[in-house]
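Engineer: One structure, pasted below without further comment.
The values are calculated or read from the model by the stated rules, or taken from the named source; none is laboratory data. Note that this is a predicted model, so its numbers are computed, not measured. Cβ: placed from backbone, ideal geometry, glycine included. Neighbour counts: every protein chain shown. Side chains included, ligands, DNA and RNA excluded: accessible areas come from the protein's heavy atoms. Shrake-Rupley method; radii C 1.70, N 1.55, O 1.52, S 1.80 Å.
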Amino acid sequence: MSQKTLAEGPRAGAAATASAEASAKRWWILGVIAIAQLMVVLDATIVNIALPSAQADLGFSDGNRQWVVTAYALAFASLLLLGGRIADLFGRKPAFLVGVVGFAGASALGGASNGFTMLVTARALQGAFGALLAPAALSLLNTTFTNPRDRARAFSVYGAIAGAGGAVGMLLGGVLTDTFDWRWTLYVNLVIAVVAFAGGWVLLGNHRDAANAKLDVPGTVLVAAGLFSLVYGFSNADTHDWGSPLAWGFLIAGGALLTAFAWWQTRAAHPLLPLRILLDRDRAASFLAVLISGAGMFGVFLFLTYYLQLNLGFSPTKTGVAFLPMIGALMVTAQLGTTVLLPRIGPKTIIPLGFAISMGGMAWLTGIDLGSHYAGAVLPQLIVIGVGLGLVMPPAMQLATGGVAAEDAGVASATVNAMQQVGGSIGTALLNTLAASAATDYLSSHDGTSKLVRVQATIESYTTAFWWSAGFFAAGTVIAFLLHRRGVPKQVAGAPVVHM
């Protein structure tokens, strides 16, 4: 045996050991990212179940109640692109760690609230730090996993959390409220944050892919104001009326500001959202898929929660448990869709199929009635919806962030989160308005003094929301089929440059 061969042996062994260590490290990083993402996603719903208890404790009005939820959504949606760009400019590790600490601090402030103002302020701060944390986490995932198979598995986990986090939030919110106190729906984030921070501090490396770029201040102001106006307008449509200037006025202003933002991005030296991110056909289609799925999912979470608690008499904890089969189905098909189907047949079949299955499940769910039971009228439908969403959200998120330049990973990730948040805001406003109109119409054509008629009116409102959610998913089926290219996209078949 030659000396060269003898020398190569130890080097080959060392390389293999280093590769194995890097691979193991990647999966630990995925765990940290998943924990942080769960904290952000579940906080969009975990407080909802605790709201009645918080309202009774702090004594705020029904009119003010919605701002506990809206304050989080407004701050989160309007600052997401800024948060993503900060991660690109100053490093994803510090953005991640600051986001975790800030989110935990805001949660502690909310849990210690002695009045309405303090609680709403804490929720807005949660949204602001969440807007820094969420894109940093997703961009870390995008730049950590380079092998297509591993990347698909990682996104199946991330997408499942993004899709099922709302249901997990309701389950955890119910358990904590029933067992302890509403304040623990906020304090629980301190426990999650300790794990996420420790893991991020130890495992994450720091790399600034856009270190030589500058922050686009005019673009930041335009998009933050535009997204704020859009979400605020839809929120006011939910609580006021579509004819109110607080609704249509802010919606028009939001559209104008976002149009100005798009124009400015074509001229800015260092654009906040480089248009090259949006011009890829598969990526643009995936952004729309995330937007539509976010709007449609609220038909499941929001109105089915009302039905289970008010009509079937479920407790908050039992309501959360009722959503678990959907979460299980979503996680199974998320793994199947991203690791098996997407790399073989591409998104033009997978994502429209997922939307079509979700549409069927939502349409089936409209069969609920006063005498319905969970096992026959809700459970099978939830499983079908979970199967469909598992084929939509994780593959769409993988395609939306895959293949971008490393210096754009943060802002691409922020755009995904913004699409989901804006979609949820649109869905909430539209479905609440349509459901309320359906209930009013039913009461006007029947004896509104009868208790049975009033209960049936609520059923009419739920089924109307479910039909419209099915309509959202039907539109997603058509749009995804028309926009996605045939075959397997490059961002699935190939791998971006990575910096651990």
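Engineer: Using modelled amide H (1.01 Å from N, peptide plane; none on Pro or chain starts), what sits under 5 Å from the amide H of SER372, excluding residues fewer than 5 places away?
Structural biologist: Result for SER372 returns nothing.
Engineer: Kindly express, to the nearest 10 degrees and within the range 0 to 90, the angle between helix 92-111's C-alpha long axis and the longest C-alpha principal axis of the chain.
Structural biologist: 30 degrees
Engineer: Provide the gained length on full extension for the span PHE180 to LEU279, in nm with one decimal, where the gain is 0.36 nm per separating residue minus the Cα-Cα distance.
Structural biologist: Values: separation 99, 0.36 × 99 = 35.64 nm, distance 4.95 nm.
Difference between extended and current length: 30.7 nm.
Engineer: Tell me, what HN-Hα J-couplings in whole Hz come from the Karplus equation 6.51 cos²θ - 1.76 cosθ + 1.60 at θ = phi - 60° for each residue of segment 259-267, using x for Gly and Pro?
Structural biologist: 3J(HN,Hα) across segment 259-267, in whole Hz: 5, 4, 4, 4, 4, 5, 5, 7, 10.
Engineer: I've got another one for you. Within segment 177-278, list the trypsin sites (Lys or Arg not before Pro) lying in a DSSP loop whose Cβ has at most 16 other Cβ atoms in a 10 Å radius. Please report the intermediate quantities before stating the final value.
Structural biologist: On the way: sites: ARG183, ARG208, LYS214, ARG267, ARG276; in loops: ARG183, ARG208, LYS214, ARG267.
Taking segment 177-278 and a limit of 16 other Cβ atoms within 10 Å, the loop trypsin sites (Lys or Arg not before Pro) found are LYS214, ARG267.
Engineer: Explain nothing, just the number: dipole magnitude of the chain about its Cα centre with +1 on each Lys and Arg Cβ and -1 on each Asp and Glu Cβ, in debye rounded to the nearest 20.
Structural biologist: Working: 27 positive and 21 negative charges, 316 e Å.
Rounded to the nearest 20 debye, it is 1520 debye.
Engineer: Using only alpha carbon positions, build the gyration tensor of segment 290-381, then give the equivalent ellipsoid semi-axes as the square roots of 5 times its eigenvalues, largest first, whole angstrom. All intermediate terms of the calculation are to be shown ahead of the outcome.
Structural biologist: On the way: eigenvalues 158, 36, 26 Å².
Equivalent ellipsoid semi-axes, largest first: 28, 13, 12 Å.
Engineer: Can you compute 3J(HN,Hα) from phi for each residue in segment 354-364, using the Karplus curve 6.51 cos²θ - 1.76 cosθ + 1.60 with θ = phi - 60°, rounded to whole Hz and x for Gly and Pro?
Structural biologist: x, 4, 5, 5, 4, 4, x, x, 5, 5, 5
Engineer: Still on this model: Using a basic spin-label model with each label point 7 Å from the Cα along Cα→Cβ, how many nm lie between ALA405 and ASP369?
Structural biologist: 6.1 nm
Engineer: Right, another one. Under the rule of -39500 (n - 2.57) per DSSP H run of 4 or more residues, summed and divided by the residues of the chain, what mean residue ellipticity at 222 nm is obtained, to the nearest 500 deg cm²/dmol? Don't skip to the end; give the middle numbers.
Structural biologist: Numbers: 20 runs with 400 residues, N = 500.
Calculated from helices alone, the mean residue ellipticity at 222 nm is -27500 deg cm²/dmol.
Engineer: Running Debye on segment 31-178 with equal point scatterers at the Cα sites and no solvent, what base-10 log of I(q)/I(0) appears at q = 0.08, 0.12, 0.15, 0.16 Å⁻¹?
Structural biologist: Cα-only, vacuum Debye calculation for segment 31-178: -0.23, -0.51, -0.76, -0.85.
Engineer: Still on this structure, please answer the following. With no solvent and one equal point scatterer per Cα, compute the Debye intensity ratio I(q)/I(0) for the chain at 0.11, 0.13 Å⁻¹ and report its log10, rounded to two decimals.
Structural biologist: Listed by q, the Debye log ratios stand at -0.90, -1.27.
Engineer: For segment 386-452, divide the Cα radius of gyration by the Kirkwood radius and give the resulting Rg/Rh value with two decimals.
Structural biologist: On the way: Rg = 20.1 Å, Rh = 15.4 Å.
In segment 386-452, Rg relative to Rh is 1.31.
Engineer: From the P(r) of segment 69-152, could you give the percentage of C-alpha pairs in the tail past 19 Å?
Structural biologist: Values: 1468 of 3486 pairs.
Of the Cα pairs, 42 percent sit more than 19 Å apart.
Engineer: I would also like to ask the following. So how do 146-152, 396-402 stack up, highest first, on mean other-Cβ count within 10 Å? If you can, show how the numbers build up before the last one.
Structural biologist: On the way: 146-152: 17.7, 396-402: 30.4.
Answer by packing, highest mean first, reads 396-402, 146-152.
Engineer: Bin by bin, in steps of 5 Å, what percent of the Cα pairs in segment 383-500 do you find, going until the bin that has the longest distance?
Structural biologist: P(r) for segment 383-500, in whole percents per bin: 2, 9, 13, 16, 15, 12, 10, 7, 6, 4, 3, 2, 1, 0.
Engineer: Shifting gears a bit: Report the local net charge at GLN309: Lys and Arg +1, Asp and Glu -1, summed over other residues whose C-beta lies under 15 Å from its C-beta.
Structural biologist: Values: positive: LYS318; negative: ASP178.
Surrounding charge for GLN309 is 0.
Engineer: Round to the nearest 10 and give me the degree value, 0 to 90, for the angle of helix 379-401's Cα axis relative to the longest principal axis of the chain.
Structural biologist: 40 degrees
Engineer: Calculate how steeply helix 3-42 sits against the longest principal axis of the alpha-carbon atoms of the chain, using the helix alpha-carbon long axis, and give the answer as 0 to 90 degrees to the nearest 10.
Structural biologist: Around 20 degrees separate the two axes.
Engineer: Sort 383-391, 193-201 by packing, meaning the average of other beta carbons within 10 Å per residue, with the highest value first.
Structural biologist: Result, highest mean Cβ count within 10 Å first: 383-391, 193-201.
Engineer: Give me the percent of accessible area attributable to carbon and sulfur for segment 96-140, probe 1.4 angstrom. Mind showing how you got there, number by number?
Structural biologist: Details: 870 of 1100 Å².
Reported share for carbon and sulfur atoms: 79 percent.
Engineer: Let me ask another. So with the 1.4 Å probe, I'd like the accessible area per residue for the chain, rounded to whole Å². Provide the component values of the computation, followed by the final result.
Structural biologist: Values: 19290 Å² over 500 residues.
Result: 39 Å² of accessible area for each residue.
Engineer: Residue-wise, which Karplus ³J(HN,Hα) couplings in Hz belong to segment 147-160, taking 6.51 cos²θ - 1.76 cosθ + 1.60, θ = phi - 60°, and x for glycine or proline?
Structural biologist: Rounded to whole hertz, the list is 5, x, 5, 5, 5, 4, 5, 4, 6, 5, 5, 4, x, 5.
Engineer: On full extension of the chain, what length is gained from ASP57 through VAL221, given 0.36 nm per residue of separation minus the C-alpha to C-alpha distance? Show your work: numbers first, answer last.
Structural biologist: Working: separation 164, 0.36 × 164 = 59.04 nm, distance 3.73 nm.
So the extension gain works out to 55.3 nm.
Engineer: Placing +1 on the Cβ of each Lys and Arg and -1 on the Cβ of each Asp and Glu in the chain, which of GLY337, VAL194, TRP242 has its Cα farthest towards the positive end of the resulting dipole?
Structural biologist: GLY337
Engineer: Same structure again: Could you calculate the FRET efficiency of ARG267 with HIS240 from 1/(1 + (r/R0)^6), where r is the beta carbon distance between them and R0 is 35 Å, rounded to 0.05? It would help to have the intermediate numbers written out before the result.
Structural biologist: On the way: r = 37 Å, r/R0 = 1.05.
Calculated transfer efficiency: 0.45.
Engineer: Write down the Kirkwood hydrodynamic radius of segment 429-493, to one decimal in angstroms, obtained as one divided by the mean of 1/r over all alpha carbon pairs. Could the numbers behind the result be given before it?
Structural biologist: Values: mean 1/r = 0.0702 Å⁻¹.
Here the Kirkwood hydrodynamic radius works out to 14.2 Å.
Engineer: Report, in whole Å, the centroid distance computed from the Cα atoms of segment 90-163 and segment 289-359.
Structural biologist: If you average the Cα positions of each part, the centres end up 22 Å apart.
Engineer: Need the full-extension length gain, ASP441 to MET118, defined as separation in residues times 0.36 nm minus the C-alpha distance. One decimal, nm. Don't skip to the answer; put the middle values down first.
Structural biologist: Numbers: separation 323, 0.36 × 323 = 116.28 nm, distance 3.87 nm.
Here the segment from ASP441 to MET118 would lengthen by 112.4 nm.
Engineer: Here's something else I'd like to know. Report the one residue of ALA34, LEU222, ALA356 whose Cα lies farthest in the direction of the positive end of the charge dipole of the chain (charges on C-beta: Lys and Arg +1, Asp and Glu -1; origin at the Cα centre).
Structural biologist: My answer, from the dipole projection, is ALA34.
Engineer: Counting Lys +1, Arg +1, Asp -1, Glu -1, what net charge surrounds ARG183 among other residues with beta carbon under 15 Å of its beta carbon?
Structural biologist: Details: positive: ARG123; negative: ASP43, ASP57, ASP178, ASP181.
Net of charged neighbours comes to -3.
Engineer: Related question: With label points built 7 Å along Cα→Cβ from the Cα atoms of LEU310 and LYS451, find their separation and express it in nm.
Structural biologist: 1.6 nm
Engineer: Go ahead and collect, in residue order, the members of segment 417-447 whose backbone nitrogen is under 18 Å from a label point 7 Å along the Cα-Cβ direction of TRP467.
Structural biologist: 430-446, by backbone N distance to the label point.
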